[in-house]
1. At a 4.7 angstrom Cβ threshold, list every cysteine in the chain that has nobody to pair with, or say none.
2. Heavy-atom accessible area per residue, the range 91-142, 1.4 Å probe: how many Å²?
3. Any chance you could list the semi-axes, whole Å, largest first, of the equivalent ellipsoid that the Cα gyration tensor gives for the range 87-183, using √(5λ)?
4. To the nearest 20 Debye, how big is the dipole of the range 184-288 about its Cα centre, given +1 on the beta carbon of each Lys and Arg and -1 on that of each Asp and Glu?
5. For the chain, what is the relative contact order in percent, using Cα pairs closer than 8 Å and at least 6 residues apart in sequence?
6. Please pull out the direction-averaged projected area of the range 1-155, using the convex hull of its alpha-carbon atoms, in nm² to one decimal place.
7. Quick one: grab Rg to one decimal and Dmax as a whole number for the range 113-168, Cα atoms only, in Å.
8. Which value, in nm² and rounded to one decimal, describes the direction-averaged projected area of the C-alpha convex hull of the range 103-255?
Amino acid sequence: MPGRLARERLIAGLAVAAAVWAVYFIVLSAPVLTFDDFLFIQRNPIYQLPFADFWRQLASLQYFQFSHERTYQPLTTLLHFPIHRDPAAYRALGIGLHAANAYLVYELGRRLSLQRGAALAAALLFALFPAHTEAVNISIFKGHLLAFFFSLLTLLSWMDGSKLALSCAFVAALLSKETGLLALGLVSAYAVCFEREKLPWHLKRGGALLILAAAYLWFRFRLLAPAAVLPAEQLPAWSPALPAAAFGWYLKALLIPYPLCLMHTLSQSRLLFLLLPFYAFLLWRWRARPMRAFLLSWILISLLPYLHLIPFADSGSMVPSASYTLVADRYLYGACAGSCLLLISLLYETRARFLLAALALCWGLLSVLRSGLYRDWGGLCRQSAACAPQNAAAQVLLASYYYSTEHDYTKALAAYEIAFGLQPSIRVDFMDPGLTHSQGSGYVLGLLRLRLRDPAGAQRLLAAAALVENEPSAKAALHEKLGDVYSALGKEKEALAQYRRALESAPGWFMPFMKYGASLLKKRPQEAAALLVQAQALIPSGDEGDSALRTRLDCLLAESYRSTGKVSLALRAWESADKRSPGQLDILIPLAETYARAGRKAEATAAYERAAREIEAAIERIRGLSKGLMKTEDAKKLLEQLQRRRLEIRRAFDRLKH
């Protein structure tokens, strides 16, 4: 018998894993999504820290300030530390978690007395549910998968009577995401529905869970430094009808998971409200049927955190969902398990089981198509904006794609203008090298005007935003961009003043020091060198310490040292820049000149020869272009510039020989 049970479990596990793999394997080789994965995993500065420093801050009371998360999920944050550089690895982890969750749904079905085939059918429906593609494919949503995994383990441990496993699984669920608290609700619903006559005994048995939950709530809301809460004016209007509309939307999505979209617009239609009395009727009708009553209760319990039962300004952890989208596909993850088990319990023993097979096939195909769309980030953003045209966050998502991926600033400006027209108070997150900040319309539109070479328009927008901005990081970024604007307008004095105000607002940010020093380079090189040295000390290490920025800083330092007669320091800076970005003419030529100035003729000759080879190769590449491209003004100007550089190098060679 044990051997047969093990074989059944193995077959179920392999079937579920195969279904999940068939739907999601295509995502493993997809490009990194700009939608949060790039910012909050790959480029997140916390993952560049040594592990000892990372662990100390992860376990501190400043978790929210350290991680920039809005919900407490240290276990999820920890899981990303060893794999944050490898997109395939953290996606594979999400796919593996989803397969494990689907298998646990099978185990739960068997505990609820479903036949082996029925439990497996429920697990497969859960595995193939199309709305799961958001939680599985976007890695920053892994907290939903992890919390659900440990919540299911908590429920199964309760059913098995294992006290140690029960407590450990519940603690892990709480550390995965705050929704891990729902495990207590699921356990309570199971006890009420299946063993109501033993409630006093269950209260005594569940004392450990109650103590753990109370200790967690005390730690989370009394000891931990609170997460940043958006001002009330930046949040959508709350109304008493909103929870009912949200619950109706989720019930509809569980029945008909279409359209799938990263952002949704919640419409308070009559159909959504009609689903509520239908749900209440079923709950009353099946009150004497333990399994059906339990699974119906499961749906409501799993959706409780996402129904906006508390007005946004007082909701703490609900602020992020309010500020971006009132309803989301990923929030269906936990509720879907209850709905799939309920559907199987109702239809599997009837002639409608063939409809279940057709439903699984349709869901699987839809999931494959949706996962394939994650390979086309632009298509996904455009689909989101088309799916929710009245959702400001969907327009922001499309605008960010145009800005950061296509570098089409005209389209980005148009999309951002639509977004701010829909919700003027919405904020956009930026993760610049060394500084994370959230900005309103003035900064965003001003930045785009600057990219489109309209410094006068940018100046008006940025200056107005700087007057009303109080948050230090956001204010520093505004003044830094204003400095760029005044530099573009040729107003050197005003640019210096703005860079100085930027470094006063964020003294730990290297960028104002670097730009302030660059502005002083020609007239006050010694002062410029001191500022650039400070910038070098502050520039972040790891991925965020962008190689191009470090190269630029080395070049500026070399220029400042050369202007003050510090030839050895200038050589060291030029060599560092050349090592980091070899083959750049703007580095090789001054490096050769500095070698010559230091009397190091052999090194100067070698650097000139390298520069000459780079120029010849560049000229050949341009001449190899098609005739149509060769006739463009840009190609002609570049060719003329390279030929002048070649002549300069020949003259420098002659001077070096004599």
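The values are calculated or read from the model by the stated rules, or taken from the named source; none is laboratory data. Given the structure is predicted, the values throughout are model-derived calculations rather than measurements. All Cβ positions, even for glycine, are placed from backbone atoms using ideal geometry, and neighbour counts span all protein chains on display. The area values use the complete protein model at the heavy-atom level, side chains included, leaving out ligands, DNA and RNA. Shrake-Rupley method; radii C 1.70, N 1.55, O 1.52, S 1.80 Å.
1. Cys168, Cys193, Cys336, Cys340, Cys362, Cys381, Cys555
2. 21 Å²
3. After diagonalising the Cα gyration tensor, the semi-axes are 22, 19, 9 Å.
4. 340 debye
5. With pairs under 8 Å counted, the relative contact order is 11 percent.
6. Averaged projected area of the range 1-155's Cα convex hull equals 10.5 nm².
7. Final numbers for Rg and Dmax: 13.9, 36 Å.
8. Averaging across all directions leaves 11.9 nm² for the Cα convex hull.
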